[in-house]
Structure formats: C-alpha cells, structure tokens
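Student: I'd like to ask some things about the structure below.
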Amino acid sequence: MSEKRSDGELLRAIAADRDRRAFEELYRRYAPWLTARLRGRCADAGAVDDVVQETFLAIWRGGARYREEGDVAGWLWRIGSRRLVDALRSDGARGRLRQALARLRHRDEASAEERVLAGVEHGDLAGALVRLSPELRAVLQATVVDGLSTREAAVLLGIPPGTVKTRAMRARKQLREALA
C-alpha cells in the first residue's frame, strides 16, 4: 500500500506531471467538503455542483495555481467561493433572492435574523432587497444571511474589509428608508 501524499505533493504532481491519480485523490479529499461549504451559501444544488467542478477544472487546467501559502482547504474555498459569487451575480437579483429565500425555507428552526425579518410589519422587504444594487445585496447576503464576518465576506467577495463595512452601512440605510 502506498503512503498517503500530502496536499502539496498532490498539487505539485498535478501541476508538473498532470498526474491523474493525484488529481483524483485531491478531488476525493476536498470535493465533499467544498460542496458542503458552498451549499451553505447557495440552495441550488446544481449550481453548487457546477462551481465545484469548475473549481477542480481550474486546478487541472493550471488556471488556479497553489503558491504554498496557507492551507489547501482555504485556497480551494477562495477559488470556489469566488466562482459561486460570479455564478450568483450572473443569475441576477431575482435569482439570488430566490436562493436566499429557498435556503431560509429549508431550515428547521428560524435563526434570529429570520425571526427579525419575518417580524417586519411595514414595507416590502423582498422588494426593497431587489432594489438594492448587486454589490450591496451581495454584502448583505454574506454578512447577514450567511453570517460571515467582515473579513470573511471581504475574502469571499474579493473586496477590502472597509468596502464591506461601507456597503453594509449603505445597504442598511437604504433598507431602512425603503421600509419606513
């Protein structure tokens, strides 16, 4: 029985030799984990599966190169999450809202955010969300719906943490005005 190769060894073998066995081992090791993480952000299982495949194809084709900084799981998460954000952006505002609502419907117990949102008596929350720019909506989804920290949202969205804070503040202000 052969010794289990490290993540770095697998990635070097894929990059240098296009080693199919190394690629398959890396895929078996991380695809289920990446799928589970991305499904926490997107209720569309088909879209998540596509993003996972695109993530690993980028590695196989050499478009995504690991620079041996940090762990491989974090590197894969950055690739996959950015691809998911791109896919969600291309779906348009209504698609993202449908996904967020579908994710909320599939939970057994309502979170604190869901209870607050359900308690809004005045205004049209769904309409107000749709009227937000895609950039503001993406920040709200990452920080409120998905519960990411400002830093995590910044990494996911590929923008500076200060921009996340500014956009979140602008989104909350616009929602308050729309619901008043």
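The values are calculated or read from the model by the stated rules, or taken from the named source; none is laboratory data. The model shown is predicted, which means the values in this text are computed figures rather than measured ones. Cβ placement follows ideal geometry from the backbone for every residue including glycine, while neighbour counts extend to all protein chains displayed. We work out accessible area using only protein heavy atoms, side chains counted, and drop any ligands, DNA or RNA first. Shrake-Rupley method; radii C 1.70, N 1.55, O 1.52, S 1.80 Å.
Student: Modelling each spin label as a point 7 Å along the Cα-to-Cβ direction, I'd like the ASP50/SER133 distance in nm, to one decimal.
Tutor: Here the answer is 2.6 nm between the modelled labels.
Student: Mind listing the phi-derived Karplus ³J(HN,Hα) values for segment 28-36, rounded to whole Hz, using 6.51, -1.76 and 1.60 with θ = phi - 60°, and x for any glycine or proline?
Tutor: With coefficients 6.51, -1.76 and 1.60, one gets 4, 6, 10, 4, x, 5, 5, 4, 4 Hz.
Student: How much length would be gained if the chain were fully extended between ALA15 and ARG65, taking 0.36 nm per residue of separation minus their Cα-Cα distance, in nm to one decimal?
Tutor: Full extension of this stretch gives 17.2 nm more.
Student: Provide SER133, SER81 ordered by accessible surface of protein heavy atoms (probe 1.4 Å), highest first.
Tutor: Accessible-area ranking of SER133, SER81, largest first: SER133, SER81.
Student: Which value in nm describes the separation of the simple spin-label points at ALA58 and ALA73, placed 7 Å from the Cα toward the beta carbon?
Tutor: Each label point is offset 7 Å from its Cα along the Cβ direction, giving 2.0 nm.
Student: Find, among the trypsin sites (Lys or Arg not before Pro) in segment 34-65, those assigned to loop by DSSP (not H, G, I, E, B) with at most 14 other beta-carbon atoms within 10 angstrom.
Tutor: ARG65
Student: Go ahead and collect, in residue order, the members of segment 26-43 whose backbone nitrogen is under 20 Å from a label point 7 Å along the Cα-Cβ direction of ALA126.
Tutor: Answer for segment 26-43: 42-43.
Student: With Kirkwood's inverse mean 1/r over C-alpha pairs for Rh, give me the Rg to Rh ratio of segment 9-58, two decimals please.
Tutor: 1.05
Student: Ordering ASP17, ASP44, ASP86, ASP7 by how much accessible area each has at a 1.4 Å probe, largest first, what is the list?
Tutor: So, going from the largest accessible area down, we get ASP17, ASP86, ASP44, ASP7.
Student: Averaged across orientations, what area in nm² does the convex hull of the alpha carbons in segment 122-177 project?
Tutor: The orientation-averaged projected area of the Cα hull of segment 122-177 comes to 3.5 nm².
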